[in-house]
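The block underneath contains the structure these notes are about, expressed in structure tokens.
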């Protein structure tokens, strides 16, 4: 006779929960990985300017290409975003941000691109530098929340299985 309280059944159920949790975590990590990869793996190129005029940047473009801009500022009244709140840019584009200086974070630039920053109608001195931390570089808390949720789910399943088995044993004894 089949019994839910059989040890093999409980092990099988917990094993399935374990597999589902691993699949969820793998999917979660795969999704999050695209945001948490290092600048090198995301192919980011970063430039920095300490020039005060850079805060008024209105245009980023490739000096060697007159046909496409890398970034155009929509409104000069809105300040540049903080780097910590900036998502990675889309491919072949740049996004400027502030973090002690003005950074231009560019993604998937082809070899030979010469990024020029323009502010108030004139070019601003900008040079290659290390990339600042972007908003999604700090997504460790999402992973922690996912792990805590999964562990809570497993704990609840174990408690429910134990209560169910005790109830079945009591009903057999009576």
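Points to keep in mind about this one:
- Pairs where the first residue, in segment 96-114, is outside the structural domain of residue 70 (by TED's automatic domain parsing) and the second is crowded, with 18+ Cβ neighbours inside 10 Å and modelled with pLDDT of 90 or more, C-beta under 9 Å, 6+ apart: none
- Segment 77-96: number of residues that are surrounded by 11 or more Cβ atoms within 10 Å (Cβ to Cβ), modelled with pLDDT of 85 or more and either touching a helix residue (DSSP H, G or I) at 6+ places or on another chain (Cβ under 6 Å) or part of a loop (DSSP other than H, G, I, E, B) (or both): 2
- Check on residue 145, outside the structural domain of residue 44 (by TED's automatic domain parsing), free of Cβ contacts under 8 Å to residues at least 40 places away in the same chain and out of contact with any helix residue (DSSP H, G or I) (no Cβ under 9 Å at 6 or more places or on another chain): yes
- Residue check, residue 52 buried (at least 17 other Cβ atoms within 10 Å of the Cβ) and either farther than 30 Å from residue 159 by Cβ or modelled with pLDDT under 90 (or both): no
- Residue 118 within 24 Å of the chain's Cα centre (by Cα), at pLDDT 90 or above and outside any loop (DSSP other than H, G, I, E, B): no
The values are calculated or read from the model by the stated rules, or taken from the named source; none is laboratory data. Just so you know, these numbers come straight off a predicted model, no measurement behind them. FYI the Cβ positions are ideal-geometry reconstructions off the backbone, even for glycines, and counts take in every protein chain you see.
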